[in-house]
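First the structure, in the form of structure tokens, and then the observations on it.
The values are calculated or read from the model by the stated rules, or taken from the named source; none is laboratory data. Note that the structure is predicted; figures quoted are calculated from it, not measured. FYI the Cβ positions are ideal-geometry reconstructions off the backbone, even for glycines, and counts take in every protein chain you see.
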Amino acid sequence: MRQQLSSGSVFGPRHRLAVQPLALACMLALGLPGVAAAQEPPAEEIVVTGSRIRQTSGMETPNPVTVVTPAELSVIAPTNLIEGLAELPQFYGSATTQDPSPFFTSVGAGSLNLRGLQSNRTLQLLDGRRVVPSTIFGGPDVNLFPENVVRSVETVTGGASAAYGTDAVAGVVNFILDTDFEGIKANVQTGANGKGDNENFKVSVGGGFSVGDKTHILLNAERERQDPIWGPDILEYDWYRARALIENPAPGAGSSPDNPFYIAVNDVRSLNYDIDGIFHLPAAPAGVALPANQAGNQILDSNGNPSPFVMGSPCNAHGCSTTNGGSGHESGIPSMNMTPDSGRENGFAYISHDFTEKFSVYGQLIHGEADFTQRNLGGLFPNPPGVPFDRNFTIFSGNPFLPPEIQAAMTARNLTSVPFSRIGAPEDIAAEAATTQVTETDSLTAGFDYEFSGGWLVKGYFQTGETDVKAIQKGGIRLDRIYLAADVVIDPGTGQPACNVTVVSGLYPDCVPLNLFGRGRASQAAIDWVTGFEPGVPMHADGFLSATESIPHDYVSGEHKQRVIDIEQDVWEISADGQIAEGWAGPITMAAGYGERDESFVQVVEVGPGGNVNADPRFRPVRANNAALGIRGVPGGNAASGNSVEIQFSNVPFARGAQDVKEAFTEFLIPVVSDRAIMQQLNFSAAYRWADYSGAGSVDSWKGGLDWAVNDVLRLRTTVSQDVRAATMGEKFDRTGGLGNITDYLIDPGGGVSYGITTFSNGTPDIRPENAKTKVLGFVYRPAKAEGLSLSIDWYDVEVTDNINQITAADVVRGCYVDNDGDLCAFITRGGPPSTQDPSINTISLVGVPYYNQASVKVSGVDFELIYNRAVNWFGGGNVNVRLLGSHLEERSNTSSQGVKTEVQGRFGFPEWTANIMGSYIKGPLSVSLVARYTDEQLINPAWNFNGTSTRWDVADNTVDSDVTVDARVAYRLGMGDGNISVFGNINNLFDEDPEEFLNLPFSSNFSTGTGLGVTGDERGRRYVVGVSVDF
């Protein structure tokens, strides 16, 4: 299959063209004179993230850089680096493998979100170089980095586009590898939480060694696995109570915090759907008394026995609390994901060879594979209030699976059919309901370093990488089959249950009758017929791109629908840095370079026979009702007028795209003043980068900075920069589907008609790059009288203009019908059934949601760091290390194209204060470490409690409380000749703090809206890890 998706092998024609500049530079370096000339050894030089100029020991740059080591992060999260980094105060809403993702859009990747500006504005590097993205929306999967040989992680908390190019708007996170390591280092560990869930293990082994005097080799391999906590597992956790907001029935509700409009109640169950099923018998006619089992909703138990639906209390139009009685089952449990099932394994190889003291070459190979699985709802067939697309089943009289009581009621009332709502259960059609994503990345790098006489260093590299992504929708419900299978009659020829369509016309001779009346009552054959495809069938697709474009794709069908994405990236760069003059206050140095980057992707969809093989939006796999063929009971929204997919909630298209960039940069470091009264050293730095992006043209980024060492105690620093971010391939070319809610102003200009619809992304190939202005001002204080103490405080301000955003479906519809924007009207398809308010107007079935350049995004705040190290006499003497990392978010705002500014600091997801305090005590071979993580309180719903348009007390408490979580680690080192063996144990969430539930919406049974329940904090509870590490 890779041959289908790739434009060539790893070293195909386009790679050979890209590598030519690097090969030329290598040949020139080998032929240059003076290679063997003797030179005085220079001062020790280091490379600091954020600058492309080597710094001599003791020199500083104005870039605020936070450096953490794997050892520090292992206290917070012993399982993997990304989980530890995500807990640092500078990061908001980063993605880890322990976070569930949206339905069928899960990435399962580790990506960091600096400042809450989204991860695509945080450039993530491995040893100062980009890595092939793991998604079409940019950024690598950090989980695939070789953790065991990472020496440190450096975060530049300020714009760095002038140094590194696009994406570095919020900053840069650089994973520094210990490529010079010699010896063996290995680690094995295992753990689980206090309930025995989330079992995990990690094994890693790495070794570095020399071959002769000139060659060094580093090899590393790792494997990690974490078990899920999902489905019924959640019932073991005391904090979960199926809690939701319901309208307060008390008189005067909404008049005070003690009598709010909404109250939080436990054990809320839906009135409109159930895991065993609900028959919706019509109400009794006016003035007619009927038995309770012949009118109104009748709920089933797991054995298929019906009983009248008993309302709990309190209730709204969607659900009721059943704490004090009432009907309903815990129907959402099967699809709940506290933590997904995830794993990774990777291999790493690095080799370097010194031809001379001045010229060396290196090669690097990375192979990694990560998998990520989460449970999904396996079939949703309710018809919540206000939703025009009826998903209910229509069950006809005479169905042999009908409970006798329901058949009797239908017969007594002369009903030919009755609506039936149901959601999938693990015991039947949701048995395999899950999304699995497997990401495989390969990256190959070759480079050289050549030092000229005089200390100038020329560096070059070429890197090629490929990521293959498979997203598999397991157990997806076949909409083209399930309504046919649910319409069951007695076959007059055999006297056995059969599908009505088979009996009437024989159109689907393989149709298997489906019994959904109570969970677990369907036959396996029926489940297989409505959830899978025939595997092993050779298939050919001409994947739909437009009426005139397609992607040919040949494959062999599997049991499930899947999308396959192939992402390729080639990068090469040549740069040089060195001293250009001996200035009046120190050496004046510069760096310069040029590079190119090519990226492309192809996305294909694979379904089996009977599916929409070409993913053509004009194709209707779900057949409309046709009495002559025996097709009946198919809802209008899923019939020929509306739906183009055969699997429920799986609107995934074919797509492709490519982009390239050419970049040139230069940077200067100029000492301005040295050894003066209040200026021990004053340095000025400047950087400039020109970039030309395909489809967007050329842009400029620049940075200027001052670093002022007043003396050995106080240092001041400031930077001002213009940074850029070009659109990702996803923002240019994505066409993936989803769900959304709209208000239909054509049906009701007053905005009284709202419902859920299907959306599709609409990439914008010529979208403009973002621009950002970044200002940073801070100081570092190291008091002479407090040895070992260091304090830094930095204020930052980032404003992104022309920021790339995706318009919502609601805004598309409003823009069309309220603002009369004809361009937005083109994204609306009215392919749904006629509206009940005006049958001459069809409801909306599909809305395109394009990417566009919004007005601006702004973030400002203060970062602070305190470090204190000293020897103490505790317990016979030892060393104490304390480190405080904190951040205060002053402003985080979005400004729309209409000039409307919305501030979100202090709201959920953007706490105003966050901090980590890390402390350790080391005495000989023993080390004890503690970390306390603090998160400030957060506002839940900004429109409640007299905010926005609210004129009432909506809820008693509209905040999520502040939170402190403590982690601990104890390690003991055993000497072993020239090496060490360490045994260690971690306890995360030491005091077993429960997470906090928050409710941002009243309970709804409309699945595109959600139930309103959210959880923040540590859901897994207290967790334990024990392990052994070896280093020698």
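Of the residues Ile482, Ile395, Ile472, Ile406, the single one that is under 30 Å from the mean Cα position of the chain (by Cα) and not hydroxyl-bearing (Ser, Thr, Tyr) is Ile472.
I want to confirm something. Restricting to the range 339-381 and keeping residues that are under 28 Å from the mean Cα position of the chain (by Cα) and among the small types (Gly, Ala, Ser), which single residue is surrounded by the fewest Cβ atoms within 10 Å (Cβ to Cβ)? The extreme case among them is Gly347. Of the residues making up the range 769-784, none is under 21 Å from Arg52 (Cα atoms), without any contact (Cβ under 8 Å) to a residue 24 or more places away in the chain and out of contact with any helix residue (DSSP H, G or I) (no Cβ under 7 Å at 6 or more places or on another chain).
Residues in the range 623-641 that are assigned to a helix (DSSP H, G or I) and modelled with pLDDT under 85: 3 in all.
One residue stands out among those in the range 802-825 that are in contact (Cβ under 8 Å) with a residue 12 or more places away in the chain and assigned to a loop (DSSP other than H, G, I, E, B): the one that is surrounded by the most Cβ atoms within 10 Å (Cβ to Cβ), which is Asn803.
For Phe665, the requirement of being aromatic (Phe, Trp, Tyr), on the phi < 0 side of the Ramachandran plot, crowded, with 22+ Cβ neighbours inside 10 Å and in a strand (DSSP E or B) is met. Looking only at the range 957-980, residues that are aliphatic (A, V, I, L, M) and at pLDDT 95 or above come to 5 in all.
Of the residues making up the range 231-290, those that are touching a Pro at 6+ places or on another chain (Cβ under 7 Å) and within 24 Å of Asp428 (Cα to Cα) are Gly231, Asn272, Tyr273, Phe279, His280. Applying the criterion of being of a type in the set (S, T, N, Q) and part of a loop (DSSP other than H, G, I, E, B) to the residues of the range 858-917, the residue that is farthest from Arg933 (Cα to Cα) is Gln898. Of all the residues in the range 254-283, those that are aliphatic (A, V, I, L, M), within 39 Å of the chain's Cα centre (by Cα) and either in a strand (DSSP E or B) or under 20 Å from Phe998 (Cα atoms) (or both) number 5. The selection criterion, being surrounded by fewer than 18 Cβ atoms within 10 Å (Cβ to Cβ), among the small types (Gly, Ala, Ser), closer than 24 Å to Phe309 by Cβ and at pLDDT 90 or above, does not hold for Ser327.
Of the residues making up the range 420-440, one or more are within 30 Å of Glu568 (Cα to Cα) and at pLDDT 95 or above. Scanning the range 753-768 for residues that are assigned to a loop (DSSP other than H, G, I, E, B) and under 14 Å from Val813 (Cβ atoms) yields a total of 1.
To keep it simple, each residue is scored yes or no on (1) small (Gly, Ala, Ser); (2) in a helix (DSSP H, G or I); (3) closer than 21 Å to Phe910 by Cβ.
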| residue | (1), (2), (3) |
| --- | --- |
| Gly116 | yes, no, yes |
| Asn120 | no, yes, yes |
| Pro133 | no, no, no |
| Val153 | no, no, no |
| Ala162 | yes, yes, no |
| Ala168 | yes, no, no |
| Val172 | no, no, no |
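Among the criteria (1) part of a loop (DSSP other than H, G, I, E, B); (2) surrounded by 21 or more Cβ atoms within 10 Å (Cβ to Cβ); (3) modelled with pLDDT under 90, the one Phe619 does not fulfil is (2).
Taken together, the residues in the range 449-470 that are surrounded by fewer than 23 Cβ atoms within 10 Å (Cβ to Cβ) and within 30 Å of Ala425 (Cα to Cα) amount to 1. Among all residues of the range 627-649, there is at least one that is surrounded by 17 or more Cβ atoms within 10 Å (Cβ to Cβ), at positive phi and either of a type in the set (Gly, Ala, Ser) or more than 30 Å from the chain's Cα centre (by Cα) (or both).
Ala221 meets the conditions (1) outside any strand (DSSP E or B); (2) more than 16 Å from Pro1002 (Cα to Cα) in every case but one. The failed one is (1). The residues of the range 513-533 that are touching a Pro at 6+ places or on another chain (Cβ under 9 Å) and among the basic types (Lys, Arg) amount to a single one, Arg519. Only a single item in (1) without any contact (Cβ under 8 Å) to a residue 12 or more places away in the chain; (2) assigned to a strand (DSSP E or B) is not met by His216, and it is number (1). Condition check for Pro334 on (1) surrounded by 15 or more Cβ atoms within 10 Å (Cβ to Cβ); (2) under 23 Å from Phe1003 (Cα atoms); (3) free of Cβ contacts under 8 Å to residues at least 60 places away in the same chain: one failure, at (3). Looking at Gly583, Gly595, which one is under 30 Å from Asp723 (Cβ atoms) and modelled with pLDDT under 95? Just a single option satisfies the conditions, and that option is Gly583.
State yes or no: is Phe517 of a type in the set (Phe, Trp, Tyr) and modelled with pLDDT under 95? No. Within the range 62-86, being surrounded by fewer than 21 Cβ atoms within 10 Å (Cβ to Cβ) and either under 21 Å from Asp794 (Cβ atoms) or not hydrophobic (A, V, I, L, M, F, W, C) (or both) holds for Val65, Thr66, Val67, Val68, Thr69, Pro70. Taking into account only those residues within the range 699-738 that are in a loop (DSSP other than H, G, I, E, B) and among the small types (Gly, Ala, Ser), which is farthest from Phe601 (Cα to Cα)? Looking at residues that are in a loop (DSSP other than H, G, I, E, B) and among the small types (Gly, Ala, Ser), I get Ala726. Scanning the range 1001-1015 for residues that are buried (at least 18 other Cβ atoms within 10 Å of the Cβ), at negative phi, at pLDDT below 85 and touching a Phe, Trp or Tyr at 6+ places or on another chain (Cβ under 7 Å) turns up Ser1005, Thr1011.
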